[in-house]
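Student: Dropping the structure in here first, questions after.
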Amino acid sequence: MNYKHKKLLVLGGASVHVKLIRAAQELGVYTIVTDNVKYDDSPGKKIADEYWDLNIYDVHGIVKKAREQKVDGVISGWLDPCQRPYQEICEQLGVSCYGTQEQFLLMTDKHAFKKMCAEHGVDTIPEYSLEDAEKGIIEFPVFVKPVDSRGSRGQAVCYNMQDLTIAIENAKAESSNGDILIEKYITGGQEFHVTYFFVNGKPHLIRTSDNYCGAEKMHMEKVVSCAVMPSSYTDKYINTAHKNVVRMFEKMGIKNGPIFMQGFEDQGVFRFFDPGLRFPGVDFELVFKEAVGVDLMKAMVQIALTGNCNIEIPDGAVYLNGSRGAVLYLTIKQCYLARFTGEDKMKKRKGIVSYLPRCKEGDTISWSYNVNQRLAEIDLLARDLDELKELIDYTHSSIVATDNKGEDVIFARFNTSRIRG
């Protein structure tokens, strides 16, 4: 198909959308980005052919302008807040959408998700009701979170009723409908992540990862410091949980596009807690392209403009052809960020596939103890685990972030000795 003169509307102009915009432009597609983020703070708007300042929740305004501009397709694939508006916009415009209203509900509402998992033999984390909390019949510690928030917002670990009461109110404030979850807090389990990509109804396992979070004593236990791919539990996952997960997704009717889940490997059981009918909000797709040779971004453009895609994903792609990958996050202390350097070194070093700064010089950072504490994301690809560790150490030594007193403000650098073999 000739994509020239086609117009693609991208909902959101964050760093994770840049690779999609560039892929569309390589195909000759005219790209438009819209959100309510200022141009100077929007990497996507800076490279798009056109941009609008319409909030992604302004479905009526976006549909009206898209009709006026004769937009041929709409896409969103990384951020939860975009997902339901994306489906509604596509429906009103009569253009292709990789999910239905019901599918997006199942993968954004955690109660609906856990009910579906139970019906298909997919394990989740045990939970308590608000009534259990009111009666005090809860075994601590527990983990409290909004039913539909993102980025660790409104989440908390609780060790007593006083903590729980405060956490419930905070979680309700971050939930769009006031609904929350109270779950058993998993200790000692390995956080585990899995992503699939469907091509014409066929599921392909494209990513597993061991996610290493920050220290609880530093209040960073909810924030991933480093994700290493493929997971050390990949074989076990494929042999135990994969079949039921695929059956569940196929029953949902997924045809084309990404879907992921986050969970724990808990003494041989994979327990999931966070779903998404989208990619995770990182640049792993660029790592996958380099390791496997498959361009998932061009596939997303095809889906948006035609409803289908013609890519071929090889069996065993999840193993990255024997390579090891990582998504490394540097976190930052509360500070005024006076100096932030190292981007040139990131771009020159082989194996550093993507570098996404989350802050800039002149920013004032507060303690949030969630994803807003991230200074930068670095996506890595190495021949083996030893080389991967060297790349992580290189990153730590190359990025400099200091306050107006010249003091280092990088918080809790990831220790590579934590990586499982």
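Student: Inside the stretch 45-67, can you point out the residues that are of a type outside the set (Val, Ile, Thr), in contact with a Phe, Trp or Tyr (Cβ under 8 Å, 6 or more places away or on another chain) and open to solvent by less than 60 Å² (accessible area, probe 1.4 Å)?
Tutor: Within the stretch 45-67, 45, 50 meet the criteria.
Student: Does residue 320 qualify as being over 30 Å from residue 410 (Cα atoms), touching a Pro at 6+ places or on another chain (Cβ under 8 Å) and crowded, with 23+ Cβ neighbours inside 10 Å?
Tutor: Here the answer is no, as residue 320 does not meet what is asked.
Student: Pairs needed: first member in the stretch 343-358, over 23 Å from residue 373 (Cα atoms) and open to solvent by 100 Å² or more (accessible area, probe 1.4 Å); second member anywhere, at pLDDT below 95 and in a helix (DSSP H, G or I); C-beta distance under 6 Å; at least 6 residues apart or different chains.
Tutor: Partner pairs satisfying both residue conditions: none exist.
Student: Continuing with this model, one more query. Among the strands (runs of 3 or more DSSP E) contained in the stretch 95-207, which hold 2 or more residues that are touching a residue at least 12 places away in the same chain (Cβ under 8 Å), in contact with a His (Cβ under 8 Å, 6 or more places away or on another chain) and of a type in the set (Phe, Trp, Tyr)?
Tutor: Hits in the stretch 95-207: 190-199.
Student: Given the conditions (1) more than 22 Å from residue 84 (Cα to Cα); (2) not assigned by the TED database to the domain that holds residue 249, which single one is not true for residue 171?
Tutor: (1)
Student: Is at least one residue of the stretch 128-139 in contact with a helix residue (DSSP H, G or I) (Cβ under 9 Å, 6 or more places away or on another chain), surrounded by fewer than 20 Cβ atoms within 10 Å (Cβ to Cβ) and closer than 26 Å to residue 224 by Cβ?
Tutor: For the stretch 128-139, residues in contact with a helix residue (DSSP H, G or I) (Cβ under 9 Å, 6 or more places away or on another chain), surrounded by fewer than 20 Cβ atoms within 10 Å (Cβ to Cβ) and closer than 26 Å to residue 224 by Cβ: absent.
Student: While we're on this one: Can you pull out every residue in the stretch 221-237 that is touching a residue at least 60 places away in the same chain (Cβ under 8 Å) and open to solvent by less than 10 Å² (accessible area, probe 1.4 Å)?
Tutor: 223, 226, 227, 228, 229, 234 - these are the residues of the stretch 221-237 that are touching a residue at least 60 places away in the same chain (Cβ under 8 Å) and open to solvent by less than 10 Å² (accessible area, probe 1.4 Å).
Student: Among 392, 399, which is the only one that is buried (at least 18 other Cβ atoms within 10 Å of the Cβ), of a type in the set (Val, Ile, Thr) and out of contact with any helix residue (DSSP H, G or I) (no Cβ under 7 Å at 6 or more places or on another chain)?
Tutor: Only one candidate qualifies: 399.
Student: Next question, about the same structure. Which of the residues that make up the stretch 93-116 are more than 19 Å from residue 146 (Cα to Cα), touching a Lys or Arg at 6+ places or on another chain (Cβ under 9 Å) and surrounded by fewer than 20 Cβ atoms within 10 Å (Cβ to Cβ)?
Tutor: Passing the criteria: 93, 101.
Student: Same structure again: Can you go through 4, 70 and tell me which one is touching a Gly at 6+ places or on another chain (Cβ under 9 Å), open to solvent by 70 Å² or more (accessible area, probe 1.4 Å), over 30 Å from residue 272 (Cβ atoms) and in contact (Cβ under 8 Å) with a residue 24 or more places away in the chain?
Tutor: 4
Student: Something else now. Identify the single condition in (1) at pLDDT below 95; (2) within 23 Å of residue 283 (Cβ to Cβ) that residue 19 does not satisfy, given that it satisfies every other one.
Tutor: All conditions pass for residue 19, except number (1).
The values are calculated or read from the model by the stated rules, or taken from the named source; none is laboratory data. Source: prediction; values computed, not measured. Here Cβ is always computed from backbone atoms with ideal geometry, including for glycine, and neighbour counts include all displayed protein chains. Just the protein is used for accessible areas: all its heavy atoms, side chains included, with ligands, DNA and RNA removed. Shrake-Rupley method; radii C 1.70, N 1.55, O 1.52, S 1.80 Å.
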